[in-house]
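Below is one structure, written out as structure tokens; comments come after it.
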Amino acid sequence: MSLMQVSNLGKSFGGVKAVDGISFELRAGELLALIGPNGAGKSTTFNMVNGQLKADAGSILFDGKELVGLKPREIWRLSVSRTFQIAETFASLTVVENVQMALLSADHRLFSMWRKAAAYKRDEALGLLEQVGMAAQADRPCSVLAYGDVKRVELAIAMANKPKLLLMDEPTAGMAPRERNDLMALTKKLVTERNMAVLFTEHSMDVVFAYADRMIVLARGRLIAEGKPHEIRDDPKVQEVYFGS
Ligand code: ADP
Ligand code: MG
């Protein structure tokens, strides 16, 4: 089932066509990787989906709604969460407080809730932390956590919005191979348990081949290949632009 349909999406910066009319679909419950060499248009595409950049051509139909023209916050309200290349948490808050904050801001009755803030949805936050293996560290400040653990907290925060789609820009950047695999295995588990889809950009071919259900390959703003990892691996067009052979 198609969750998101991207059609003829385009964005130029000055004279540079950063993304030049790409089309692809994202299916419910899949991990779709967005790959390509530097400057291919991955981040530009990603940022059009999350609303940080406005497309100047084409459409992004998500769950029956047009995302082009919506602000990041409006897109987030449609159950689209995201993580950041550098994981972002409130360092001075504890692990569980970070997730409580996310639940608080996902709650539309926000303001009436402030007074009860300390107790606010603590159990629900602990439940989310349980799912990412961080419940035991719930009351430590985020500032003392190992980076891989901050990434886990960030995932719990993203889950507070009950996402149908999770956007991850280079989720494994700056991580050791072991941490990378832990994070992607956790992501895969969440995808399965929650029937959520993931769109992620990724540099590491190992990660993509091990965890993506499908992938799309960009080069110079164009979509040059799309398919399952084993189909893409041997595609001569991909070999040429991506692996430089
Ligand atoms: P990737 O993430 O695949 O490395 P980007 O989407 O960041 O690629 O960039 C695609 C192209 O658009 C590159 O040529 C880049 O220089 C250009 N570009 C990206 N963002 C901007 C910007 N804000 N202003 C001008 N040019 C940009
Ligand atoms: Mg990029």
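For the range 131-197, the orientation-averaged shadow of the C-alpha convex hull comes to 4.6 nm² (one quarter of the hull surface).
Between the range 124-170 and the range 177-245, what is the C-alpha centre distance in whole Å? Cα centres, the range 124-170 to the range 177-245: 23 Å. Between helix 177-194 and the chain there is an angle of about 80 degrees, using the helix long axis and the longest principal axis of the Cα atoms. Taking 22 Å as the cut-off for C-alpha to C-alpha distance, list the pairs among LYS54/LYS151; LYS65/LYS164; LYS151/LYS189; LYS71/LYS162 that go past it. The pairs that break the limit, which is 22 Å between Cα atoms, are LYS54/LYS151. Across the range 43-75, the residues whose backbone nitrogen lies under 15 Å from the label position 7 Å along the beta-carbon direction of PHE13 are 43-48, 52-56. Measuring spread by the Cα atoms of the range 201-245 yields a radius of gyration and Dmax of 9.7, 25 Å. Dipole of the chain computed with +1 at Lys/Arg Cβ and -1 at Asp/Glu Cβ about the Cα centre; of MET168, GLY29, LEU103, farthest Cα towards the positive end is LEU103.
This ranking places VAL68, VAL207 by how few other beta-carbon atoms lie within 10 Å of each, fewest first, which gives VAL68, VAL207. Computed over the Cα atoms of the chain, pair by distinct pair, the Kirkwood hydrodynamic radius stands at 18.6 angstrom.
Pop the C-beta distance of GLU231 and ARG194 into the FRET formula with R0 = 30 Å and round what comes out to the nearest 0.05.
Once the sixth-power term is evaluated, E becomes 0.65.
222 nm [θ] for the chain, helices only, -39500 (n - 2.57) per DSSP H run of 4+, per residue, to 500? That comes out to -10000 deg cm²/dmol.
Rule-based calculations on the coordinates, nothing more; no lab input. Being a predicted model, the structure only gives us computed values, none of them experimental. Positions of Cβ are backbone-derived with ideal geometry, glycine not excepted, and every protein chain shown enters the neighbour counts.
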